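The block underneath contains the structure these notes are about, expressed in structure tokens.
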Amino acid sequence: CLFQECSKKQKNDDTQNTSVNALTSNAEFEEKNEFHTLANAKILLSDCLACDNCMTSEEGVRVFQQNQKELFRILNLNKKCDTSKHKVLAVSICPQSLPYFAAKFSLSVNDAARRLCGFLKSLGVHYVFDTTIAADFSILESQREFVQRYQQRNQEEHALPMFASACPGWIRYAERVLTNLVTSHICTAKSPQQIMGSLVKGYFARQQNLSPDKIFHVIVAPCYDKKLEALREDFYTALYNSQEVDCVLTSGEIVQIMEQKNVSMKDVTEVAVDSLFGEIKEGDVVRHDGKTSDGYLEHIFKHAAKELFGMDVKEITYKALKNKDFQEVTLEKDGETLLRFAAAYGFRNIQNMVLKLKKGKFSYHFVEVLACPGGCLNGKGQAQTEDGKPDKALLNQMEEVYAAIPVRLPEANMHVQKMYQDWLEGMDSKKVQETLHTKYSAVNQTASSLDIKW
């Protein structure tokens, strides 16, 4: 948890139940529909990084509202005769969620993607997308920003180190607790989820001649902190009164829907995953470098080695330090260390990293920071046992599935290159900054975190 007086430590379930029950009582007045028998998702504080000491009461209510019922509300709305209120329902699936479905139902990852698509469309979803293309954009922008920061390191005080910005749990912690000590070092590239929101309600909406507020966009993700990320003010289009992501459901919540409807993944008809580009369908699932996540460290390291030092790095060798979730990678030439990167997963490692930064003993140029030990595959929205502990056997299967997925470099995606020119008006345009980047800044902190023992 983040704070010494955190309600997670006190195991205060009253706060949780009050929020959930208030929503449930309001829902009693809603018209019954074919989904009314499904259980409401209850997000416990222990499931999520953000406790009620770093989450406003309004955010708390809105997070609790991001459950299956919100999806069903739109599905039911679309069955009514007033077509002016209908929504185009689009679901985007994170690549770290697919191995969960594949391992859980003993399917190949490609079968899992197509059957999941078939299931969602059987509910009434119109489009199902893969967020890998959003991660392409996020990695490419992060690569370019690191090179720029490195080149400006002697002129700009906060240029280095650069911290990855893809994990919403880490970002929330940095903004609410760590203040400007850290936030000025965070990469400004949006996370894949945020960029996918821009793609669906920006690019795709324009392609379909739709107003963004006519699209209801759902993300399927491995962790609960994605729900908080969807509420960010910089993830909102005032012109259309529309969030770029309207609802986040975890992988486990999708399985709950299947169980409630008594549907098995193996019995679902396979349907090809949609593309953002008209009638084109997605092919086989691909991923980025990285063992359990999108591999920002590996992509940025190889890109920086080439761009800054003219060195082609084919394989990266990780050196484990205090534990397997804190590892470093170095680029060396003639006995000199040119680049020193690290991967820090889990909050004990994050805290140690921040303490070193505070003491001025920080030797890393870039750190891939993730809140979950083991990375995104180990998100609390999937691969958990009934008592809330990691399902290690299932997680091992997921890691094997993920490792077997073919790797595609972001630079190799021709759709991305074309969108830079046709939609974003060039790689160095103002529109790129507006669409693919954001600003992370400190929020008033309510307690000091650096004394907490994790």
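Can you bin segment 173-252 into rounded, prolate or oblate? Criterion: square roots of the alpha carbon gyration tensor eigenvalues sorted a ≥ b ≥ c, rounded for a/c under 1.5, prolate for a/b above b/c, oblate for the rest.
Prolate.
Length gain on complete extension for the stretch Lys79 to Lys358, per 0.36 nm per residue less the alpha carbon to alpha carbon distance?
94.8 nm
Filter the trypsin sites (Lys or Arg not before Pro) in segment 226-314 down to the DSSP loop ones having no more than 12 other Cβ atoms within 10 Å, then list what survives.
Answer by residue number: Lys314.
Where both partners of a DSSP beta bridge lie in segment 317-399, what percent of those bridges are antiparallel, to the nearest 5?
Antiparallel: roughly 70 percent of the beta bridges in segment 317-399.
Would you please give the FRET efficiency between Ala404 and Tyr318, computed as 1/(1 + (r/R0)^6) with r the Cβ-Cβ distance and R0 = 25 Å, to the nearest 0.05?
Step by step, r from the Cβ atoms, then E = 0.80.
If you project the alpha carbons of segment 97-156 onto their three principal axes, what span does each projection cover, largest first, in Å?
56, 26, 13
Beyond a 26 Å Cα-Cα separation, which of these cross-linked pairs lie in this structure: Lys80/Lys227; Lys80/Lys214; Lys69/Lys226?
Those over the limit are Lys80/Lys227.
Can you bin segment 309-454 into rounded, prolate or oblate? Criterion: square roots of the alpha carbon gyration tensor eigenvalues sorted a ≥ b ≥ c, rounded for a/c under 1.5, prolate for a/b above b/c, oblate for the rest.
rounded
May I ask you to list the lysines whose Cα is less than 16 Å away from that of Lys418, ignoring any residue fewer than eight positions away on the same chain?
Of all the lysines, those that pass the test against Lys418 - Cα under 16 Å, at least 8 places apart if same chain - are Lys431.
So which GluC sites (Glu not before Pro) in segment 363-402 end up in coil per DSSP with only 15 or fewer other C-beta atoms within 10 Å?
Glu386
Can you give the Kirkwood hydrodynamic radius for segment 384-431, in Å, rounded to one decimal and based on Cα pairs?
14.2 Å
Label-point separation (nm) for Val263 and Met427, each offset 7 Å from Cα along Cα-to-Cβ?
Between Val263 and Met427, the label points sit 4.2 nm apart.
Compute for segment 281-325: radius of gyration divided by Kirkwood radius, i.e. Rg/Rh, restricted to C-alpha atoms, rounded to two decimals.
My calculation puts Rg/Rh at 1.08.
Please arrange Leu98, Leu409 by accessible surface area, largest first, computed with a 1.4 Å probe and ligands excluded.
Output order, biggest surface exposure first: Leu409, Leu98.
Taking a ≥ b ≥ c as the square roots of the Cα gyration tensor eigenvalues, with a/c under 1.5 meaning rounded and otherwise prolate when a/b beats b/c, else oblate, which class fits segment 91-132?
Oblate, because a/c is 1.5 or more while a/b does not exceed b/c.
Below 20 Å, Cα to Cα, which lysines can Lys322 reach? Residues fewer than 8 away in the same chain don't count.
Filter leaves Lys291, Lys356, Lys358, Lys359, Lys361, Lys453.
How big is D for segment 263-347, in µm² s⁻¹ as a whole number, if Stokes-Einstein is applied with the Kirkwood radius of its Cα pairs at 4 °C and 1.567 mPa s?
Result for D is 80 µm²/s.
Given a 1.4 angstrom probe, what's the average accessible area per residue across segment 325-432, in square angstrom?
Normalised by residue count, the accessible surface of segment 325-432 is 50 Å².
Sorted by accessible area (1.4 Å probe), largest first, how do Asp274, Asp312 line up?
Asp312, Asp274
The values are calculated or read from the model by the stated rules, or taken from the named source; none is laboratory data. Keep in mind it's a predicted model, so treat the numbers as computed, not measured. A quick note on method: Cβ atoms are made from the backbone with ideal geometry, for glycine too, and the neighbour counts reach across all protein chains shown. Remember, those area values only see protein heavy atoms, side chains included, never the ligands or the DNA or RNA. Shrake-Rupley method; radii C 1.70, N 1.55, O 1.52, S 1.80 Å.
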